[in-house]
Structure formats: C-alpha cells, structure tokens
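Bear in mind that the values in this text are calculations on the coordinates, not laboratory data. In this text the structure is predicted, and so the values were computed from the model without any measurement. Cβ placement follows ideal geometry from the backbone for every residue including glycine, while neighbour counts extend to all protein chains displayed.
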Amino acid sequence: MRAERGLVLALDTTDLARTRFVAGAVRGEVDAIKVGWPLVLASGIDIVEELARSSYVLCDFKVADIPNTNRLIVEQAVARGASGVIAHGFPGEDSVRACVEAARTADVFVVAEMSHPGGEEFTSRHAEEIARLAVRAGAAGIIAPATRPERIAALRGILGSRLILSPGVGAQGGTATDAIHMGADAVIVGRSIYEAADPAKAAAALASEVARARRGR
C-alpha cells in the first residue's frame, strides 16, 4: 500500500447502493477501501472484485486460524482482487507467515492492538510481541489504535519502515492528528465518512488533516 493520502476508508456498509455511491465519491481522497464481514455478508464476495477494479481493497477478514486455513482464506481474498488482507497475530508466527506466503505480492497487516476499550484487556498487553512477530513473518505492517496514540509511538520503533494503519478516528474518539503525530502512516475511518451527508467532503477534510499533521511532525 502506498499511503499517499494517509487515509483508508472502512466501508462497513450493508446497503449495496450506498456502498457503490460512497466508494465512487471518495475514490480520489483515500489510499484504500477496507472491506470487512458486514459488507461481504450483505453483498457477497463479488463486492471485493467489483471494488478492486478501481481501488486498493484491503480485506479486513481478521484471519485467525491454523496456518492451512489462513492460507486458504488469503488465497481466496487475493484471487478476488484484494491487494491486502488483515490478520490477527495471536494464533502465532506460523499462522501469520502462512498469510504472508499465500498473499504473494499482496500486503498482510497484522492486528497488534485493537482500538475499542476492550483492546486494553488483552491485545494491549502483547502488542509489542505481536509487532515483532509481524516483522519476523514479513508482514507489510500492523494495525494500532488511534484511540490510544501513545501506543502507536511505542510500536513505531519496532516496525522500522513498515506501515502502521490506525483505526478509531472519529466515532471511536481518536483523531487523525494525534495518530499521525505519534507515527501512524495512515488512519482508518469508517462512520465519519460513509454516514456523512457528503462523503467526499468528509474524506477530503480528513485527508487535509493528515497532510497538516504530517507537516507538523
């Protein structure tokens, strides 16, 4: 992924018409569209292939199984046109490595720490270990919370030049400015964009905020 705008849209919509409208409206303002289970279960797996014709699609399938099952999931996502896949790190290095190998030239991002309050119960305690695991396995980067930007700073040194994508901006209370200042390469934003009356305007405003934060680092 080339984090030029520093913004990833989490398209957690379940209405196909709205999905298509929002994806088309924000195309020039985001680096990628993150597709998760809500959209795939509502619209079918073909939505990945449809969106991938004009956008970088990051399949947020939170892959978290034994190596062989992980391999099968990633292979199917990539075959449908996904340019990236999100996996969990807690199943272990062999499971993450299976994702990376199955992805071939596509990117694998590993969840180091989740952005909701419950993320502090378990993932926060092991985030540094998971980040190191992601590096060893050859992942493109990690997911770290914009809701706790100090955690991004703690993980940045482990990642080197690998990417940090940070969810939790907007509806969950995090800010793009704080996440970028602390070392995130891009923020992941959902409801603040796809529920906006003008999604393109909302995305452009967030991309501008990221640009200002980058200049201020």
May I ask for the equivalent-ellipsoid semi-axes of the chain, computed as the square root of five times each C-alpha gyration tensor eigenvalue and listed largest first in whole Å?
-> 24, 22, 14
Tail fraction, Cα-Cα pairs, the range 62-130, threshold 20 Å, whole percent | 28 percent
Mind checking the full-extension length gain between residue 65 and residue 17? Use 0.36 nm per residue of separation minus the Cα-Cα distance, one decimal, nm.
-> 14.0 nm
Once you put a point 7 Å from the Cα of residue 125 and another 7 Å from the Cα of residue 101, both along the Cβ direction, what distance in nm separates them?
-> 3.1 nm
Given 4 °C, 1.567 mPa s and a Kirkwood radius over Cα pairs, the Stokes-Einstein diffusion coefficient of the range 109-217 in µm²/s is 93 µm²/s
Estimated [θ] at 222 nm from DSSP helical runs (n ≥ 4, -39500 (n - 2.57)) normalised by residues in the chain, nearest 500 = -14000 deg cm²/dmol
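For residue 46 and residue 136 in the same chain, what is the full-extension length gain: residue separation times 0.36 nm, less their Cα-Cα distance, in nm?
Between residue 46 and residue 136, full extension yields an extra 29.1 nm.
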